[in-house]
Amino acid sequence: MTPLRSLRAAVLSALALGGCDADASSDPPRPLDPVGTLYALGGFTGRLPGEWVATADVFAYDPDADAWVARAPMPTPRGEHNAVAFDGKIYVVAGRVPPATAVRPMHVYDPAMDAWSTAPALPTARYHAATAVLDSLLCVLGGRVIENGVLRNLDAVEAFAPRSGRWYTFQSLPGTRSGAAAATLGERIVFVGGEAFAPPRVHAITSLFDPEEDAWSSADPPPVPVHGTGAVTVGGVVYVLGGGSAAGVRASAANQAFD
């Protein structure tokens, strides 16, 4: 396992050996402008559950023009994936192609060039994972795979350092979970909810990850157990909006906050 303080040193050493300016590379990543363009990348088309088809389509929404515009499609189609704004680019990671194939390739979109490139693949193929940006790392948490027609949740936590191009492993989740939501709050990751299938259930669990100790702890559970949603941090508060209230396809209107 890799505590964050050791990982920072490893990343800076790799950058220095590669001839990069370590001082400049230690700066935090530049996020995309949250008031700028909204992107919709990939996903499924078709009816539930047996007609899903993964798409590579990409659309950008310009709020000033109130219009969607087609952009360069992803290199490969996928759904149930994650898209993360990180240092001025969008990283697409995890996901699957029906009926069962979880994918490892990671693709990077440059909005300024309307072009895609390929980054080192995710070590553990999965879909329905959660992601969060922590320090200068893109973290992928949990998720699931389909093996011989059976859904299996994962506890893997892996982090990608774009400036060194390397993947690292953190302490596994306290339990296997997929469809959970994650967001960064201060120096920790808040990991909320998720679902399981044996038996079918939704987790009323909040877990906190401390990267300096490479350790997990428990926090107050969400008032409404949900899965299949996302989380966002605004003004020092993590918001979890909507999601599924039961395992499978079920919707909730809950708006929950954690601080």
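Each reported figure results from applying straightforward, stated rules to the coordinates on display, with no laboratory input. From a predicted model like this one, the values you see are computed outputs, not experimental measurements. When we count neighbours, we look across all protein chains shown, and the Cβ atoms used for this are built from the backbone with ideal geometry, even at glycine.
Annotations
- Hits in segment 175-203 (condition: assigned to a loop (DSSP other than H, G, I, E, B) and surrounded by 15 or more Cβ atoms within 10 Å (Cβ to Cβ)): T176, R177, G179, A180, G193, G194, H203
- Number of residues in segment 183-209 that are farther than 16 Å from A254 by Cα and small (G, A, S): the value is 5.
- In segment 98-117, the residues that are more than 18 Å from the chain's Cα centre (by Cα), without any contact (Cβ under 8 Å) to a residue 40 or more places away in the chain and assigned to a loop (DSSP other than H, G, I, E, B): A112, M113
- Pick from segment 79-97, criterion outside any strand (DSSP E or B) and not charged (D, E, K, R), ranking: nearest to R166 (Cα to Cα): A94
For (1) in contact (Cβ under 8 Å) with a residue 24 or more places away in the chain; (2) more than 13 Å from V108 (Cβ to Cβ), each residue gets a yes or a no:
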{"residue": "P63", "(1), (2)": "yes, yes"}
{"residue": "D66", "(1), (2)": "no, yes"}
{"residue": "A70", "(1), (2)": "no, yes"}
{"residue": "M74", "(1), (2)": "yes, no"}
{"residue": "R78", "(1), (2)": "yes, yes"}
{"residue": "A85", "(1), (2)": "yes, no"}
{"residue": "V92", "(1), (2)": "yes, no"}
{"residue": "R96", "(1), (2)": "yes, yes"}
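- Some residue of segment 128-137 being free of Cβ contacts under 8 Å to residues at least 60 places away in the same chain, in contact with a strand residue (DSSP E or B) (Cβ under 7 Å, 6 or more places away or on another chain) and assigned to a loop (DSSP other than H, G, I, E, B): yes
- Checking each residue in segment 156-174 for being part of a loop (DSSP other than H, G, I, E, B), closer than 15 Å to S217 by Cα and either among the hydrophobic types (A, V, I, L, M, F, W, C) or in contact with a Pro (Cβ under 8 Å, 6 or more places away or on another chain) (or both) picks out F170, L173.
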